[in-house]
Amino acid sequence: MHINYELFLALVTLAIASLVSTLVLLHKLSRNKVKLQDISDALDDIAQGNISRKLLAKPGDPFAFLCYRINEITDSFRTQSTEFKRTEEANKQLMTSLSHDVRTPLTTLIGYLDAIQKGMVKGREREEYTETARLRAHDLKDYVDLLFEWFKLNSNDQIYTLQQVELAELTRNMLKDWIPLFEVHALDFHIDIPDERIEVELDSDAYLRILNNLLQNVLSHSQATQVSILLHKDEQSAVLTICDNGVGIDARDLPRIFERLYKSDKARSGKGSGLGLAIVQQLLTGIGGRITAASTPHEQTVFTVYFPIQ
Amino acid sequence: MNDLIIQTKQLTKIYGEQKSVSNLNLHVRKGRIYGLLGRNGAGKTTTMKMLLGLTKPTEGEISIFGSDIQGAEGKIYPRIGNLIETPGFYPNLTGSENLKILARLRGVPHQNAVKRALEVVGLPYNDKKLLAQYSLGMKQRLGIANAIMHDPELLILDEPINGLDPIGIAEVREFIKRLSVEQGKTILISSHILSEIALLADDIGIIDHGVLLEESSLEMLEKKNSRYVHFIVSSAGQAARILELDFHTSHFHIDDDYSLRLHDTNIDVAAITRKFIESGIDVSEAHTQNDTLEDYFKRVTGGEGIA
Amino acid sequence: MLDLLICELSKIKRQKFIQLSLLGAFLFPIPLTILMAKDRMSFDQLFRGNVIFGELLLLPCILGVIISILFFMERDHDTLKNLVTIPVSKTKMILAKLMLMTLLSVLYSVAALGATVVGGLIIGGVEGILYRLGISIVLGVLISIAVFPVVIVIVHFNKSYIFSIIVSFIYAVAGLIITMIFSANPASVNPVASVMPVPVIMKWYLSLFPREEALTYIDPYLITTPACFGLLAVYALVSVSLTVVIYRRKEV
C-alpha cells in the first residue's frame, strides 16, 4: 500500500509538472505572437508617416533587440527630418530677407536715376545723384556676389585645395593691399607678424577671403579708429587675431553674429549685411579651423581665428 | 481634423454635489504644445487625470491617437508620458532603482533608457541617494525623467515647473520646447502661471470652474488682444451708440461711464474722434494700447486674475 | 507577471520590517525547545508545537503587516498613478503582491523549520527533515491563503498599520482558539467554525504524522490532502476576487 501511494504521488507530481510546463510554453508562444502583432501594428503606423512611434521592450523580451534596432532607425530619420525642416525654415527666412536686402537699395537706386531722368536735378546736384546711384549699384553687385559665394559654400559645392603654405609671409602680402584702404578710411593700424615661419596646411583662397571679410567687417561696421592684426603660433594652431576699438557687439548679439542673417541693430546699414561673418564661419568649417569673438561694447572687439597645424 | 491627438467630447466629472469638470471639449493638435491655463482648482488636474484613466469620467468621451481610450488602454498609454501632481516614488529606493522598476514594467525603447533619461534631467545614475533625501526640485526632475524615459509621442504634464528654482524653470522650459520642436512631440501642460504658458504654448485653453472658456492658438489670442484703442469720453454710453450706428462695430468693451475700449482696430481713430466730438461727446483721451494676456485672462474668467 | 513580482521584490529593498519579520520565525522555537527539553518531548511534538504557535498564531499577524506594507506603500508614497498609467492592471498588481506575501510566508516557514531542527538537535534527535521541508513549504502557502480574507478587510478599510495588526491578531487568535477547542473536543466545534482556514490547515497537518495514543480520538475528524487543498483553493479564489473588486473601485 505504502509503496503504491508513493509511486502514485510521484506520477501525479510528474503529470502536474509536465502540464504546467506545457501551459507555460504555450503561454509564452501566444505572448510572442501578440508581441509580433504589436510590432507589426507599430510598423504600419511608422510607415504611414508617424516617425515618432517607438516600440517598447523589456530587457528579457524575445524581440527586444529588434525593437531597439527599429527605434534607432526611426530616431535617425526623425533627426534628419527635423534638420530638414530647420533648413527649410532658415531658407525661407533667407529668401524673405534677401528680397528685402536687394529691393531696398535697388528702389533707392531707381529713385535717384528717375530723378535724374526727369530732370528734377541740375548741375552739381545732378552729378552727386549720379555718383550716389553708381555707388549704390556697386554695393548691390557686391552684395549679390557675397550671396552667391555664401550659397556655393552652403551647398557644399566648395572644394578646398589644401596646400602647405607659410602663413606669415602670406599674411604680410595680403595686408599690403589693405594698407592703402586703411589710410583712406583714416584707420590707424598695427600689424604684428612674427619673423619665424608658420607652416600650415590650408586653402590660401579661403584664407584670403577670411582675412578680407574680417577686415571688411571692421571697416564697414565697427566705426573704429584703430585696428590691430596679430599672427602667432601656439601648440596646436596658428592664431590670427583682429582687434578694433569700435562700437563693439552687445553680449546679447555675440553668440549669434556668425548666423547667416544676423545683423545687430548697430550694423543695419553698410555692406555685406550678416553674410560676411557667416561666410567666414563656413570657410573655417571647410578647412578645419574655428573662430571666436569677444567684445566690450563701445570699446573693443576681438576676433580670434584658429587654423590647425597639421 | 485628423491631426488631433487628444479630443474630448462633453467631458464631465461630478464629485458628489460638485461639478469639477463640465462638458469639456478639448482639442490638442499633433506636434504642438497645448497650455491648459486656469487658477488652482479650476479643473486642470482632474481633466488630466481623466485623460490618463486615473479617474473615471462621469460623462463624455475621450479619444487619444484617434481611438476611444476605453478598452484601448494597453495600446494607448505606453505612448503617453505623464507627470501628475507631485511625483510619487518609493523613499527606500534610489532614483535609478525607482526608474528601473517603472522601466521593467513599461518596457524601454533602447538599451540604456534609464541612464539617458537621468542624464537629460541632470540627475546621477546608479548613485546611492535614496528618494527620502531628495529635494522637491530633484523629485520633480525625476518625475520628468519618468515621463520621457520611453520616448512617448504625447506628454501630459501637470504644472511641470512646480517646485523648481528659476534656473530649473528656465531649463525645463527650454527642454519642453526642444521636445516639441526637435522631436515633434505633442505636449499638454497645465499651469496657473500665465507668463509661463505664454512663453511655451502654441495653443491655449482657458479653464475656469471646470468649464473650458476658450480655446485658441497663442498667435490668435495675441493678435486679438494686441491692439485696442482706449477712449476716455464724457459719455461711454453715447460713444457706444455712435460706434454701433455710424461705424457698425460692436467690438468694444465699456469699462465704466467714461471709459471704453475698442478692439476693432480697422477703423480710423481720427475719424472716430471727430465723430464723437461732432456729436457732442468730449474726448479727453484716445490712444492705442496693448492689452496684456493677463488682462484678457481676467476678462474672460470674469475674475481677479491668476491665483 | 514575473516582471511584476520582481518589481514587488525590488520595492521592499531596505524595508527593515520585512527583513526582521523573518526573525520572527525563531521566536517560538526557542521557548518551545526549552519546554520540550524539560518534558522530554519528541522532535515531532516540537515541530507540531511550532506549527501551532509559530505558524498558526504568529505568521498570520506578520503576514497581515507585510501585506499592509505592500498595499499601503503605493498609497503612502503616491506611486499608484505611475503604475496605473503604464498601464499595469490593478488585478495583476494585487496578484503580484499576494504572491510575494506567499513567497515570504514560505520563507518564514522554512526558516522556522531550520530553527526547530536546531532545537531538535538540542533535545535529542531529528527525523524526516526532507519530508518536513516539503510540508513547511506547503504550510507557508496554505497559511498565506488563510490570510487572504484578512487582506480583503485591510484593503477595504485602508486604514493604519495598527488597524491591520489588530485585525490580523484577532483573526489569528480566533483561528487558534477554534483549533484548540477542536483539539480538546473535536465534536463540540461548530461546523462553520471548523471549516475556517486555520482549523482546516490544522486538521490537515495532523493527518500527516502519526498521532500518539492520547490523540487518536481526533482521527475521524481529520481532513485529507485533496479536501484541504480544495477548500483552501476555494477560499483563495473568493478572497482574491473580492480583493480585486474592492481595490479596483478605489480612485487613484
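How many percent of the accessible area of the range B:134-251 is carbon or sulfur, using a 1.4 Å probe?
Roughly 55 percent of what the probe reaches on the range B:134-251 is carbon or sulfur.
Put +1 on the Cβ of every Lys and Arg and -1 on every Asp and Glu Cβ in the range B:226-290; which of B:283, B:263, B:242 then has its Cα farthest towards the positive end of the dipole?
B:263
Which Cα, out of A:236, A:208, A:164, lies furthest along the positive dipole direction of the range A:163-308 (beta carbon charges, K/R +1, D/E -1)?
Among A:236, A:208, A:164, the one farthest towards the positive end of the dipole of the range A:163-308 is A:208.
Taking each full run of DSSP H in chain C as one helix, which ones are at least 24 Å long along their axis (Cα atoms) and have mean Kyte-Doolittle hydropathy of at least 0.0?
Within chain C the helices that satisfy the rule are C:59-77, C:90-123, C:129-157, C:161-184, C:225-249.
Measure out, as a whole number of angstrom, how far apart the alpha-carbon centroids of the range B:204-220 and the range A:71-127 sit.
Distance between centres, Cα-based: 38 Å.
For the protein assembly as shown, what D do you get in µm² per second when you plug the Kirkwood radius from alpha-carbon pairs into Stokes-Einstein at 25 °C and 0.890 mPa s?
70 µm²/s
If I take R0 = 22 Å and measure r between the Cβ atoms of residue A:99 and residue A:141 in this structure, what FRET efficiency does the formula 1/(1 + (r/R0)^6) give, to the nearest 0.05?
After rounding to 0.05, the efficiency reads 0.85.
Suppose we look only past 20 Å in the calculated P(r) of the range A:2-79. What percent of the Cα-Cα pairs does that tail hold?
For the range A:2-79, the fraction of Cα-Cα distances above 20 Å is 52 percent.
Using the crude model of +1 on Lys and Arg Cβ and -1 on Asp and Glu Cβ, and no other charge, please compute the dipole size for chain B relative to its Cα centre, in debye to 20.
Computed about the Cα centre, the dipole is about 1620 debye.
Using Cα-only point scatterers and the Debye equation, what is log10 of I(q)/I(0) for the range A:80-154 at each q in 0.11, 0.21 Å⁻¹, rounded to two decimals?
Taken in order of the listed q values, log10 I(q)/I(0) reads -0.43, -0.91.
Output the 0 to 90 degree angle, nearest 10, between the alpha-carbon long axis of helix A:123-154 and the longest principal axis computed from the alpha carbons of chain A.
Helix A:123-154 sits at roughly 30 degrees to that axis.
Rounded to a whole number of µm²/s, how large is the Stokes-Einstein D of chain B at 10 °C and 1.306 mPa s, given Rh as the Kirkwood radius over C-alpha pairs?
Using the Kirkwood radius from Cα pairs, D works out to 73 µm²/s.
Where is the GNM fluctuation largest for chain A (alpha-carbon springs, 10 angstrom cutoff): A:164, A:117, A:48?
Checking each option, the largest mean-square fluctuation is seen for A:48.
Would you kindly state how much longer the chain becomes between residue B:256 and residue B:287 on full extension, computed as 0.36 nm times their sequence separation minus their alpha carbon distance, in nm to one decimal?
That works out to 9.5 nm of additional length.
Over the residues of chain A, compute the C-alpha Rg and express it relative to 2.2 N^0.38 Å.
Working it through for chain A, the quotient is 1.74.
Å³ per residue of the Cα convex hull, for the range A:62-101?
24 Å³
Could you state the angle between the C-alpha long axis of helix B:236-247 and the longest principal axis of the C-alpha atoms of chain B, as a value from 0 to 90 degrees rounded to the nearest 10?
Relative to chain B, helix B:236-247 is tipped by roughly 90 degrees.
About the Cα centre of the protein assembly as shown, what is the dipole size in debye to 20, counting +1 per Lys and Arg Cβ and -1 per Asp and Glu Cβ, all else neutral?
With only Lys, Arg, Asp and Glu charged at Cβ, the dipole is about 3480 debye.
Mind giving me the FRET efficiency for residue B:170 and residue A:256? R0 is 22 Å, r the Cβ-Cβ distance, nearest 0.05 is fine.
The pair residue B:170/residue A:256 has a calculated efficiency of 0.75.
Kindly provide the helix-only [θ] at 222 nm of chain A, computed as the sum of -39,500 (n - 2.57) over DSSP H runs of four or more divided by all residues, to the nearest 500 deg cm²/dmol?
-20500 deg cm²/dmol
Working from the pairwise distances between different alpha carbons, so that the mean of 1/r is found and then inverted, what is chain C's Kirkwood radius in Å?
Final number for the Kirkwood radius of chain C is 18.9 Å.
Given a 10 angstrom Cα cut-off, can you work out which residue in A:215, A:254, A:14 is the most mobile in a GNM of chain A?
Comparing A:215, A:254, A:14 in the GNM, the peak value goes to A:14.
Please give every one of the aspartates and glutamates within straight-line cross-link reach of residue B:115, meaning a C-alpha to C-alpha distance under 15 Å, and leave out same-chain neighbours fewer than 8 residues apart.
Straight-line reach from residue B:115, under 15 Å: B:97, B:127, B:151.
Could you tally the net charge around residue C:90, taking each other residue with its Cβ under 15 Å from the Cβ of residue C:90, Lys/Arg +1 and Asp/Glu -1?
Cβ neighbours under 15 Å give a net charge of +4.
Relative to the compact globular guide of 2.2 N^0.38 Å, what is the alpha carbon radius of gyration of the range A:163-308, as a ratio?
0.99
Straight-line reach from residue A:233: which lysines have a Cα under 30 Å away, not including same-chain ones fewer than 8 places off?
A:176
Enter the Cα centre distance for the pair the range A:1-55 and the range B:150-198, rounded to the nearest angstrom.
The range A:1-55 and the range B:150-198 have Cα centres separated by 41 Å.
Any idea what the relative contact order of the range A:2-79 is, in percent, if you count C-alpha pairs under 8 Å spaced at least 6 apart?
Relative contact order comes out at 20 percent.
Which distance in nm do the two modelled labels at residue A:132 and residue B:61 give, with both placed 7 Å along the Cα-to-Cβ direction?
6.9 nm
Highest mean first, how do B:149-161, A:59-71, C:213-225 rank when packing is the count of other Cβ atoms within 10 Å averaged over residues?
Ranking, from highest mean packing down: B:149-161, A:59-71, C:213-225.
Apply 1/(1 + (r/R0)^6) to the Cβ-Cβ distance of residue A:158 and residue B:23, taking R0 = 51 Å, and write down the FRET efficiency to the nearest 0.05.
Efficiency, rounded to the nearest 0.05: 0.25.
Expressed as an acute angle from 0 to 90° and rounded to the nearest 10, what is the orientation of the C-alpha long axis of helix B:136-148 relative to the principal long axis of chain B?
Result, in degrees: 80.
Using 0.36 nm times the number of residues separating residue B:10 and residue B:119, minus their current alpha carbon distance, what extension gain do you get?
Here the answer is 35.2 nm.
Of the options A:147, A:129, A:81, report the single residue whose Cα projects farthest towards the positive end of the charge dipole of the range A:80-154 (beta-carbon charges: Lys, Arg +1; Asp, Glu -1).
A:129
Express the relative contact order of chain A as a whole percentage, based on alpha carbon pairs under 8 Å and six or more residues apart in sequence.
13 percent
Test of understanding: in a Gaussian network model of chain C with alpha carbons linked when under 10 Å, which of C:89, C:42, C:207 would top the mean-square fluctuation ranking?
Among C:89, C:42, C:207, the largest GNM mean-square fluctuation belongs to C:89.
Which of the residue pairs A:152/B:185; A:33/C:90; B:75/C:97; B:19/B:177; B:75/C:159 have a Cα-Cα distance greater than 31 Å in the structure shown?
Too far apart for the 31 Å limit: A:152/B:185; B:19/B:177; B:75/C:159.
What's the local net charge at residue A:233, with K and R +1, D and E -1, over the other residues with C-beta under 11 Å away?
-3
The values are calculated or read from the model by the stated rules, or taken from the named source; none is laboratory data. None of these values were measured; they are calculated from a predicted model. Cβ: placed from backbone, ideal geometry, glycine included. Neighbour counts: every protein chain shown. The accessibility values were calculated without ligands, DNA or RNA, using every heavy atom of the protein model including side chains. Shrake-Rupley method; radii C 1.70, N 1.55, O 1.52, S 1.80 Å.
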